[in-house]
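Worksheet: the structure to be examined is printed underneath.
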Amino acid sequence: MRSDVTRAHYERLADKYDENWAYSPEFIEWMTRNLLSRLDLSPRRSRVLDIGSGTGLYARGLAEHASVVVCADTSSAMLERLPSDERLISLVAGAEDLAEGRVRLPHDGYDAILMKEVIHHVADPPQVLSGLLRLLRPGGRILVVMLPSEIDYPLFGAALDLFRERQPAPESIAAAMDRAGLRTELTYDEFPLVFSLNRYTQMVRNRYMSLLASFDDAELDDGNLRDAPRASRP
């Protein structure tokens, strides 16, 4: 990951992570269905490597359709909140650790690798994607889930500017996967989300997005949120 600041952010966020993200059971179910349709898992046979799995918010659903899900994350505090399930294996490791072979994995290959909201933390995405390709079993898939390079979230200007600075373009990631030797498909999906202003303001103060860790409490309080959150891409 790009810095220890991000790792520290998720360590602090661990006890609030599910509260921040599980704001809509319908969203979680929708996202899980989309992950499953793209990963095309075989029940009781597929091995999954979920990089940046956090508390296992989506690994839980994947485990229902796989033999095992290895939940890799740089935050041990996040992994400690994984549900008790023999199909979920925790592993303290980041994308770079796995791509460069610095961490020993419990299996010799995986049928599916998921990177959800992780790629923007990676300093050299093409190199990491090439390294992860070596972990796939024949016919395996890598799924990268990310936001577009422009978002219309109800955040203050400095936060949106920082997002644009840090967020890679999905097209560039797809091109890197193609160069690594994968047959690549790029798609966009949307899910409408509606919150009360108070709820969303609290999520911002909890720093539900990692980029908000770059702002102190005063800067967040001074940030000019728009009057009400609008629908946005997950």
Inter-residue pairs, beta-carbon under 6 Å, first over 30 Å from Gly223 (Cα atoms) and touching a residue at least 60 places away in the same chain (Cβ under 8 Å) and in segment 132-153, second small (Gly, Ala, Ser) and part of a loop (DSSP other than H, G, I, E, B), 6+ apart
Arg137/Gly109
Does segment 36-50 contain at least one residue that is farther than 24 Å from Ala99 by Cβ and either assigned to a helix (DSSP H, G or I) or modelled with pLDDT of 95 or more (or both)?
yes
All but one of (1) buried (at least 16 other Cβ atoms within 10 Å of the Cβ); (2) closer than 23 Å to Pro25 by Cβ hold for His121; which doesn't?
(2)
Which one of these does Tyr200 not meet: (1) touching a residue at least 40 places away in the same chain (Cβ under 8 Å); (2) in contact with an Asp or Glu (Cβ under 9 Å, 6 or more places away or on another chain)?
(2)
Val69: within 27 Å of Pro170 (Cα to Cα), touching a Lys or Arg at 6+ places or on another chain (Cβ under 7 Å), among the β-branched types (Val, Ile, Thr) and not in a loop (DSSP other than H, G, I, E, B), yes or no?
yes
Among the residues that make up segment 41-52, is at least one of them more than 13 Å from Ile113 (Cα to Cα), in contact (Cβ under 8 Å) with a residue 60 or more places away in the chain, touching an Asp or Glu at 6+ places or on another chain (Cβ under 8 Å) and not charged (D, E, K, R)?
yes
Candidate set from segment 184-208 (those that are modelled with pLDDT of 85 or more and aliphatic (A, V, I, L, M)); member that is nearest to Leu160 (Cα to Cα)
Val204
Considering only residues that are surrounded by 10 or more Cβ atoms within 10 Å (Cβ to Cβ) and either in contact with a strand residue (DSSP E or B) (Cβ under 6 Å, 6 or more places away or on another chain) or at pLDDT below 85 (or both), which ones fall in segment 215-229?
Asp221, Asp222, Gly223, Leu225, Arg226, Ala228, Pro229
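The values are calculated or read from the model by the stated rules, or taken from the named source; none is laboratory data. Everything numeric here is computed off the predicted structure, so don't read it as measured data. Here Cβ is always computed from backbone atoms with ideal geometry, including for glycine, and neighbour counts include all displayed protein chains.
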